[in-house]
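A short worksheet on the structure shown next.
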Amino acid sequence: MGKNVSTGIFKEPVDGPRMLRLLNLDGDAQADLVVHGGRHKAAYAYPSEHYVWWRAELPGMELPWGMFGENFTTEGLTEETVHSGDRYRCGGASVIVTQPRMPCYKLGIKFGRNDMARKFLRSGRTGFYLAVEREGPVRGGDPVELISADPAGVSIADLVRLYRGEDKDAGLLRRALALAALPEGWKKSLLESSQDE
């Protein structure tokens with residue numbers, strides 16, 4: 001028997017400006033605040049480049065912008081080039097990259113596939129969460145400009161590899177654990193992953 005699930009994953013592009021606030025975008029609040037939302041996950045960005053890969057991986061499935069539940073579908077910003085702690089300007093707002101997205105079962109509901117969360121994490125195409133440093137209006141087509149790169153240089157892809165236990169570089173782990181922008185829960189998970197055999 002089915003049950004009702006509260007989710008904010010169903011999104012579609014909107015016209016006009018929206019205020020990006022400390023906890024979310026106006027008109028797009030997170031539904032499940034136990035694992036979504038909060039200061040470290042005020043907004044979610046997903047690279048448009050990944051849609052090409054997913055269209056090949058999931059032939060015949062319609063994949064409009066916003067399909068992965070992102071607030072921002074970006075161009076030119078990937079997990080390899082974006083670092084936890086990087087600061088960006090978009091429209092009248094400024095944001096700080098915090099962490100990769102870890103998928104939950106709701107992604108499977110959205111795609112109608114029980115294996116989607118595993119497939120998503122395995123792909124490494126996680127996108128990244130943003131904390132809002134300065135609230136302001138944003139709109140589709142606004143350029144996303146780098147204000148400053150985090151000096152530690154720990155990419156979102158690095159964090160995913162550390163989390164999955166694929167990278168055992170002790171120096172990289174130390175740099176990740178020292179990141180001011182990375183939430184404590186993530187640091188704990190990275191430590192646990194580093195101790196798994």
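Restricting region 149-162 to residues that are closer than 22 Å to Cys90 by Cβ and in contact with an Asp or Glu (Cβ under 7 Å, 6 or more places away or on another chain) leaves a set whose member that is surrounded by the fewest Cβ atoms within 10 Å (Cβ to Cβ) is Ala149. Can you name the residue in region 52-81 that is touching a Ser or Thr at 6+ places or on another chain (Cβ under 8 Å) and either over 19 Å from Pro103 (Cα atoms) or free of Cβ contacts under 8 Å to residues at least 24 places away in the same chain (or both) and is also surrounded by the most Cβ atoms within 10 Å (Cβ to Cβ) among such residues? Filtering region 52-81 for residues that are touching a Ser or Thr at 6+ places or on another chain (Cβ under 8 Å) and either over 19 Å from Pro103 (Cα atoms) or free of Cβ contacts under 8 Å to residues at least 24 places away in the same chain (or both), the one surrounded by the most Cβ atoms within 10 Å (Cβ to Cβ) comes out as Thr81.
Take the residues in region 173-184 that are without any contact (Cβ under 8 Å) to a residue 40 or more places away in the chain and out of contact with any helix residue (DSSP H, G or I) (no Cβ under 6 Å at 6 or more places or on another chain), then tell me which one is surrounded by the most Cβ atoms within 10 Å (Cβ to Cβ). For region 173-184, the residue satisfying everything is Arg175. The one condition from (1) over 17 Å from the mean Cα position of the chain (by Cα); (2) crowded, with 20+ Cβ neighbours inside 10 Å; (3) modelled with pLDDT under 90 that Phe111 does not meet is (3). Within region 86-105, residues that are free of Cβ contacts under 8 Å to residues at least 60 places away in the same chain have Cβ atoms under 7 Å from residues that are assigned to a loop (DSSP other than H, G, I, E, B) in these pairs: Arg101/Thr126; Arg101/Gly127, counting only partners at least 6 apart in sequence or on another chain.
Evaluation of Phe72 against the conditions (1) at pLDDT below 95; (2) out of contact with any Cys (no Cβ under 8 Å at 6 or more places or on another chain) shows that the sole unmet condition is (2). Of all residue pairs spaced 6 or more apart or on separate chains, those with beta-carbon atoms under 7 Å, a first member in region 137-163 that is touching a residue at least 40 places away in the same chain (Cβ under 8 Å) and a second member that is aliphatic (A, V, I, L, M) and loosely packed, with under 15 Cβ neighbours inside 10 Å are Ala152/Ala178. Would you be able to say whether some residue in region 113-132 is without any contact (Cβ under 8 Å) to a residue 60 or more places away in the chain, touching a helix residue (DSSP H, G or I) at 6+ places or on another chain (Cβ under 9 Å), assigned to a loop (DSSP other than H, G, I, E, B) and closer than 18 Å to Ala176 by Cβ? Yes, region 113-132 contains at least one residue that is without any contact (Cβ under 8 Å) to a residue 60 or more places away in the chain, touching a helix residue (DSSP H, G or I) at 6+ places or on another chain (Cβ under 9 Å), assigned to a loop (DSSP other than H, G, I, E, B) and closer than 18 Å to Ala176 by Cβ.
Being under 16 Å from Glu135 (Cα atoms), more than 13 Å from the chain's Cα centre (by Cα) and modelled with pLDDT of 90 or more is a property that Pro17 has.
Within region 20-65, if we keep just the residues that are more than 14 Å from the chain's Cα centre (by Cα) and small (Gly, Ala, Ser), the residue that is modelled with the highest pLDDT turns out to be Ala56.
Taking region 82-102 as the range and being surrounded by fewer than 19 Cβ atoms within 10 Å (Cβ to Cβ) and farther than 15 Å from Lys41 by Cα as the test, the residues that pass are Arg89, Gly91, Gly92.
The values are calculated or read from the model by the stated rules, or taken from the named source; none is laboratory data. What you see is a predicted model, and the numbers here were worked out from it, not measured in a lab. Every residue, glycine as well, gets a Cβ built from its backbone with ideal geometry; the counts of neighbours run over all protein chains shown.
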